[in-house]
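To start, the structure under review is shown below, and the notes come after it.
The values are calculated or read from the model by the stated rules, or taken from the named source; none is laboratory data. For clarity, every value in this text was computed on a predicted model and none was experimentally measured. FYI the Cβ positions are ideal-geometry reconstructions off the backbone, even for glycines, and counts take in every protein chain you see.
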Amino acid sequence: MAKSKDKSKANSKDSEPAFELCGGDPALDFVNTLDHRFREEGPKELLTSYGDLLRFSGQSKLLEPPRLRVLANAVGESAGARALRSARELREAMAALFYARVDAKSPSPEAVRTLERHVHEAGRHKKLRWDQSAKNGNRGLAWDWDRSGADEHLPAWMLAQAAVKLLTSDELERVRACGAANCRWLFLDTSKNHTRRWCNMKVCGNRMKARRFQARQG
């Protein structure tokens, strides 16, 4: 289940709780699916099944409902398990890269190579097609996923591309980690003065305020 601390919402369409998407970017929200990452007693895994990975992909708008339904119906248990392991491997490489940036450290070469491998794999499963949608009044070539490929890895492919897009953009300067030491969820600071400290003010922000108040009273 994707329930973390108090940071999950009821989902009226599903008995499973919704993921808390406070990162402002799907790549950051994906890293946050390993909760309590730096806790001494160990982290909490929020992606416990391939179905969880599909739910995350839907809630973060990476995949549209028709494609999610196809994957849910077509991907078997063993293929889903392999795809989940691959996605988790990608997530930990992404985490190493983003936290290295936040902490002003150099990431491990292994993390860079892992992300690179996933991005190359994604690229091998894209094809050019003629876009007839004319959403903006223009028709032309567009990249689309090869539907004949091993589509169970599609969520990871899209997340790898999202990670590279953020890691190579000016927006990387705005990536922050939550100021609560027992949280440190990643988020994109889009506040006016770039002074946001908490992943969720109602949870971590209020909790830290309460702790400081109690300390002063004691």
Could you give every pair whose Cβ atoms fall below 6 Å, whose first residue belongs to segment 119-131 and is closer than 10 Å to Ala160 by Cα, and whose second residue is among the polar types (S, T, N, Q) and surrounded by 12 or more Cβ atoms within 10 Å (Cβ to Cβ), counting only separations of at least 6 or pairs across chains?
Ala122/Gln161
Restricting to segment 183-200, name every residue that is surrounded by 14 or more Cβ atoms within 10 Å (Cβ to Cβ) and either in a loop (DSSP other than H, G, I, E, B) or more than 14 Å from the chain's Cα centre (by Cα) (or both).
Cys183, Arg184, Trp185, Asp189, Arg196, Arg197, Trp198, Cys199, Asn200
Would you confirm whether any residue within segment 36-44 is in contact with a His (Cβ under 6 Å, 6 or more places away or on another chain) and under 20 Å from Asp151 (Cβ atoms)?
no
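For every residue, the table says whether it meets (1) in contact with a Ser or Thr (Cβ under 9 Å, 6 or more places away or on another chain); (2) farther than 17 Å from Ala162 by Cβ; (3) among the basic types (Lys, Arg); (4) not in a helix (DSSP H, G or I).
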| residue | (1), (2), (3), (4) |
| --- | --- |
| Glu20 | yes, yes, no, yes |
| Arg39 | no, yes, yes, yes |
| Leu47 | yes, no, no, yes |
| Arg69 | no, yes, yes, no |
| Ala72 | no, yes, no, no |
| Leu90 | yes, no, no, no |
| Ala96 | yes, no, no, no |
| Lys105 | no, yes, yes, yes |
| Leu115 | no, no, no, no |
Restricting to segment 17-69, name every residue that is farther than 16 Å from Met94 by Cα, at pLDDT 95 or above and acidic (Asp, Glu).
Asp52
